[in-house]
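Enquirer: Pasting a structure here, questions to come.
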Amino acid sequence: MSDLPDAPTLDAVIAHRFSRRDLMRGSLAAALAAGVAPQAAAAPADRPSFDFPELAAGVDEHLHVAEGYEAKPLLRWGDPLFADAPAFDPKKQSAAAQERQFGYNNDFVGFIPLDTEGRRGLLVVNHEYTNAELMFPGLDAADRKGVIAALNPAQVAVEMAAHGGSVVEIVREADGWRPVVGSPYTRRITALTPMDLTGPAAGDPRLVTEADPSGRRVLGMINNCSGGVTPWGTWLSGEENINYYFGGALPAGHPEAGNAKAMGIGSLQYAWSRFHPRFDLARTPNEPNRFGWVVEIDPFDPGATPKKRTALGRFKHEGAAGARAIDGRYVVYLGDDERFQHVYRFVSNGRVQAERGANVDLLDSGTLSVARFEPDGTGRWLPLVHGANGLDAGNGFGSQADVLIETRRAAKRLGATPMDRPEDIEANPRTGRVYVMLTNNTKRTADQEEPANPRGPNAFGHVIEIAPDGTDHGAETFRWEVLVRCGDPAKPEVKASFSALTTENGWFGMPDNCAFDGRGRLWIATDGNNRRATGRADGIWAVETEGPRRGTARHFLRVPVGAEMCGPCFTPDDETFFVAVQHPGEPDEDGALGSYEKPSTRWPDFSPDMPPRPSVVAVRRTGGGRIG
Ligand code: FEO
Ligand code: CA
Ligand code: CA
């Protein structure tokens, strides 16, 4: 634990978090004991449960939010976080400056309260990736290869420092939230931050490199997409598209070739391997095995070493949102965001303890399972355990480390259901039901349609609702159904299934992230809407999950052109909704690159000298009050 001046309040904060969650757990348990189904905080059946006026869908250079709300950028790429951080100067950006400033392409946002009044907290934010061509002048290139060839070592160093994550203390004042520059909690994590590999795969020979003979120490985390906050106040962060960073080629006949192929290694998007041998497969063939994990970070101690928890498997991790089993074990739901990959669940061996320090290594031992969705609406979690069900030496799995390093191959061997790109998976704290965002899969063919992935091709994605048997996140079986097939309901060929109450602004495509407010209502953030695909920008839609309005969506917020919507997160009092605007200023079409000189928007500063800046935005009701 840290010796920070505010540390003594931590127990109270954690107790506060526990009390809110335990209350929900308690009401759930009481309802179950009484033999009645737990209810969400539903509005009367004849009225929507959301009261904001619906926003008009569309695309332009600005961020828009429903009338009666205000959205203020809170943290922009380059904003100084430490007292000694230089002001942001995009024309003179350096790695040294970037390490002291807010990073690029904010994705997951978590809020950890520092008081019980809702006025102070820590924001933990993932910086997933970088758009070099939008960050640096003079990189206008025909394609990605051209950008990779043009980048110099100093620019690559900036990119590495702009990856990772940020811990930022924020306070709420009369005119809204502001960051506490120089707070003792402030931390930047980058692609160079030393981290431990822990759990069953730590120290395995397949994680050993020349620079790390222990197989237990790695520099940095990359492509951290979504995540979660645990009840003991740590931040979980999922490494996703790690394949984009590794260049060169494995030596001929190398034993990692199949593993590399399964993770898509070789589809290079970055110049890092030109200057850093650890990203060159020919020189460091095991380095990719040290990425693709869930990282646990203690935001209360800036000196704490982040831990890559290998027990949660290695794949393209979207998020790591959790819940508790009825017996107190911690459960983490995990999506592998790629076409035909899988939905996972980790259940700890131990139980969550009220004393914070007792949970330090809870995520190092437990069972990782993968979901099989049966056509009849039932489902089962298949455990990925070495020695069982063919996960043995005869099939190339010599140990549990092998099962975890090659989680995808193990899941396929067990007969897991191949899904349409599983993104965020979150449990509704009021009902115990679990929601899976499946963003799309244009490669699924009509003859690959099946009930859990009912459209081939699936251009607009869908949302699956899982009801764990016994309303227990630790149960081995569940029931499931499709909550909504996304896309334009006015086009019969799209086969969307929003409720008929959904307006022309209310439908959306490509669900990616989601959040529940304190009343257990679902809010979905999208990635992939644009003028061509849906005639609308990405944004936030509130979705009814209960009663006759189930499946009705309503548009709340939309991002500037080129951006996607990430990180939705409510404060415990529901009075602030944090959202993350990622890669504003990209061209509004698929595949085009864009440039620093000609971005599609200069949001949020709209200054001719300023490029667009990915930013976390705080949304509040004008005059205060609960959102929605
Ligand atoms: Fe980084 Fe799956 O989105
Ligand atoms: Ca995502
Ligand atoms: Ca995304």
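The values are calculated or read from the model by the stated rules, or taken from the named source; none is laboratory data. Note that the structure is a prediction, hence the values are computed from the model and not measured. In this analysis, Cβ positions are derived from the backbone assuming ideal geometry, glycine residues included, and neighbour counts consider all displayed protein chains. Just so you know, the surface numbers come from the protein's heavy atoms only, side chains and all, with ligands and any DNA or RNA stripped out. Shrake-Rupley method; radii C 1.70, N 1.55, O 1.52, S 1.80 Å.
Enquirer: Can you tell me which residues in segment 574-624 are aromatic (Phe, Trp, Tyr) and within 21 Å of ILE148 (Cα to Cα)?
Expert: TYR596
Enquirer: If VAL561 satisfies every condition in (1) outside any loop (DSSP other than H, G, I, E, B); (2) touching a residue at least 40 places away in the same chain (Cβ under 8 Å) but one, which is the exception?
Expert: Only one criterion in (1) outside any loop (DSSP other than H, G, I, E, B); (2) touching a residue at least 40 places away in the same chain (Cβ under 8 Å) is unmet by VAL561, namely (1).
Enquirer: Report, by residue number, each residue of segment 429-443 that is of a type outside the set (Phe, Trp, Tyr) and either within 13 Å of ligand 3 (Cβ to nearest atom) or not in a loop (DSSP other than H, G, I, E, B) (or both).
Expert: Of everything in segment 429-443, those that are of a type outside the set (Phe, Trp, Tyr) and either within 13 Å of ligand 3 (Cβ to nearest atom) or not in a loop (DSSP other than H, G, I, E, B) (or both) turn out to be VAL434, VAL436, MET437, LEU438, THR439, ASN440, ASN441.
Enquirer: Is it fair to say PHE340 is part of a loop (DSSP other than H, G, I, E, B) and of a type outside the set (S, T, N, Q)?
Expert: no
Enquirer: Kindly evaluate GLY176 against the criterion of being within 25 Å of the chain's Cα centre (by Cα) and of a type outside the set (A, V, I, L, M).
Expert: no
Enquirer: Let me ask something additional. Please determine whether any residue of segment 150-166 is touching a Pro at 6+ places or on another chain (Cβ under 8 Å) and open to solvent by 10 Å² or more (accessible area, probe 1.4 Å).
Expert: no
Enquirer: Can you tell me which residue within segment 92-113, out of those that are within 14 Å of VAL168 (Cα to Cα) and in a loop (DSSP other than H, G, I, E, B), is nearest to ligand 3 (Cβ to nearest atom)?
Expert: Once the filter is applied, the top-ranked residue is GLY103.
Enquirer: Residues to consider are GLY520, GLY470; find the one that is more than 16 Å from ligand 1 (Cβ to nearest atom), within 29 Å of ILE326 (Cβ to Cβ) and open to solvent by less than 10 Å² (accessible area, probe 1.4 Å).
Expert: GLY520
Enquirer: Applying the selection to segment 82-110, what residues are open to solvent by 10 Å² or more (accessible area, probe 1.4 Å) and within 16 Å of ligand 2 (Cβ to nearest atom)?
Expert: PHE108
Enquirer: May I pose another question? Here is a list: GLY539, GLY562. Which entry is under 25 Å from PHE460 (Cα atoms) and open to solvent by 10 Å² or more (accessible area, probe 1.4 Å)?
Expert: So the residue among GLY539, GLY562 that is under 25 Å from PHE460 (Cα atoms) and open to solvent by 10 Å² or more (accessible area, probe 1.4 Å) is GLY562.
Enquirer: If you scan segment 235-265, which residues turn out to be away from ligand 3 (no atom under 16 Å from the Cβ) and either open to solvent by less than 10 Å² (accessible area, probe 1.4 Å) or within 18 Å of LEU197 (Cβ to Cβ) (or both)?
Expert: Result: TRP235, LEU236, TYR245, PHE246, GLY247, GLU256, ASN259, MET263.
Enquirer: Now a separate question. Could you pull out the residue among GLU70, GLU61 that is over 24 Å from the mean Cα position of the chain (by Cα), part of a strand (DSSP E or B), more than 16 Å from ligand 3 (Cβ to nearest atom) and in contact (Cβ under 8 Å) with a residue 24 or more places away in the chain?
Expert: The match here is GLU70.
Enquirer: Separate question: Taking ASP538 as the residue in question, decide whether it is at pLDDT 95 or above and within 16 Å of ligand 2 (Cβ to nearest atom).
Expert: yes
Enquirer: When VAL180 is evaluated against the numbered criteria (1) touching an Asp or Glu at 6+ places or on another chain (Cβ under 6 Å); (2) away from ligand 2 (no atom under 16 Å from the Cβ); (3) open to solvent by less than 20 Å² (accessible area, probe 1.4 Å), which criterion, by number, is the only one it fails?
Expert: (3)
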